[in-house]
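Taking it in order: structure first as structure tokens, then the write-up.
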Amino acid sequence: MEMSKASISVGVVTALSLLLLQTMAHAQETLTIATYGGAWAKALSEAALKPIAKTLGITIKEVTISSANEVKLQVNAGAVAIDIVDMGAFDCELGAKQALWEKLDYGRVDATSLDPSLVNEYWVGGPSYYSTVLAWSKKKYGDNPPKNWADFWDVKKFPGTRAFRNNPVGTLEFALIADGVAPDRLYPLDVDRAFAKLREIKPYITVWWGSGAQSAQLLHDGEVDMLSIWNGRVSTVIANGAEVAFTYNQAQLNADCMVIPRGSKNKELAEKVINLILTPELQANLPALIDYGPVNPNAFELGKITSKQAAASNSSPENAKYQTLLRFDWWGENLAAIQPRWDAFIRE
């Protein structure tokens, strides 16, 4: 029997409705995660994101941002296209104060194994730790290298050119340690004492570096003899054949963090993905791919990380015990007052 035009119209509408629902369902199962790119993004993808996408049967779209301001612009414009952002924990702390992130549901995100200072109602530490370490030229210092920050300040025993990061965050801590403050008694920072100590070494600082790439180039080219540098950067310099070394003694553990931008349409799915990223099983994949270590210490108890990988990993129990964790909460409260003083100090 010939179908009526009305029946055909109903059938077309129904088909289009089903297609629309399928498209919406598919869109809800696509998650976008942003990082700063580079070797770290590749490692995270292999260690966690690809396995998670396969396990959950979803699509994870990986994008690169250059700064937290890109996410802030999306939030303020009400046009959020990113569901999870991986950035430095200090940026997460500042963003929380600006109401840029969704509040996390710790019923969905298990952070019980993490250091308590990495668990915030708006952000959670991870996926990794990186460390700021003291590195030096083996050509310059041979068998008698600097061993700590007091040695960095000792220009008579260890003559040579030096570089420091052009940022008060972390640098003030190293100055205080060099001045004899015990690493476990740093906070609250004695800011006046730190600046006084920095003035002692300032004449010997030839470069105040501004990026990880710049610090690595300084070391690789032999432009400076010792400097503060991120452990992943110095590891790359060593892998490229430069005669340099570094120590985790008195190094500083810094954490990445993960946030869900306010206005994300996929909050529950994002929390599910974050929860999986923090599991020891996926965290244990990181040391095989990069020297930035797991934030979940249980990753080292699975037998998945080799002894060689643990020896290189900055957050392994053996290496972590020599380091201090940067207090992001303290800097979140105090950077606004300290930054102008730092800028004036650099210009002096």
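The values are calculated or read from the model by the stated rules, or taken from the named source; none is laboratory data. Since this is a predicted model, take the numbers as computed values, not measurements. Cβ atoms come from the backbone with ideal geometry, glycine included; neighbour counts cover every protein chain shown. Please note that ligands, DNA and RNA were not included when accessible areas were found on the heavy atoms of the full protein model with its side chains. Shrake-Rupley method; radii C 1.70, N 1.55, O 1.52, S 1.80 Å.
For (1) open to solvent by 10 Å² or more (accessible area, probe 1.4 Å); (2) more than 24 Å from Ala150 (Cα to Cα), each residue gets a yes or a no:
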| position | (1), (2) |
| --- | --- |
| Trp208 | yes, no |
| Ser215 | no, no |
| His220 | yes, no |
| Asp225 | yes, no |
| Trp230 | yes, no |
| Arg233 | yes, no |
| Ala245 | yes, no |
| Tyr248 | yes, no |
| Ile260 | no, yes |
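Counting only residues that are closer than 28 Å to Glu93 by Cα and of a type in the set (Phe, Trp, Tyr), which one in segment 116-150 is surrounded by the fewest Cβ atoms within 10 Å (Cβ to Cβ)?
Tyr122
Within segment 7-51, how many residues are open to solvent by 60 Å² or more (accessible area, probe 1.4 Å), modelled with pLDDT of 85 or more and farther than 17 Å from Leu269 by Cα?
Result for segment 7-51: 3.
Sort out for me the helices (runs of 4 or more DSSP H) sitting completely within segment 263-348 that have 1 or more residues that are within 20 Å of the chain's Cα centre (by Cα) and among the charged types (D, E, K, R).
So the answer is 267-277, 280-283, 328-347.
Take the residues of segment 52-69 that are surrounded by 13 or more Cβ atoms within 10 Å (Cβ to Cβ) and modelled with pLDDT under 95: which is farthest from Ile82 (Cα to Cα)?
Ala68
With respect to Ile84, determine if the residue is under 16 Å from Glu271 (Cβ atoms) and in contact (Cβ under 8 Å) with a residue 24 or more places away in the chain.
When the stated conditions are applied, Ile84 passes them.
Among the residues that make up segment 67-81, is at least one of them under 26 Å from Ala299 (Cβ atoms) and among the β-branched types (Val, Ile, Thr)?
Residues of segment 67-81 that are under 26 Å from Ala299 (Cβ atoms), as a first pass: none.
No, because not a single residue in segment 67-81 is under 26 Å from Ala299 (Cβ atoms) and among the β-branched types (Val, Ile, Thr).
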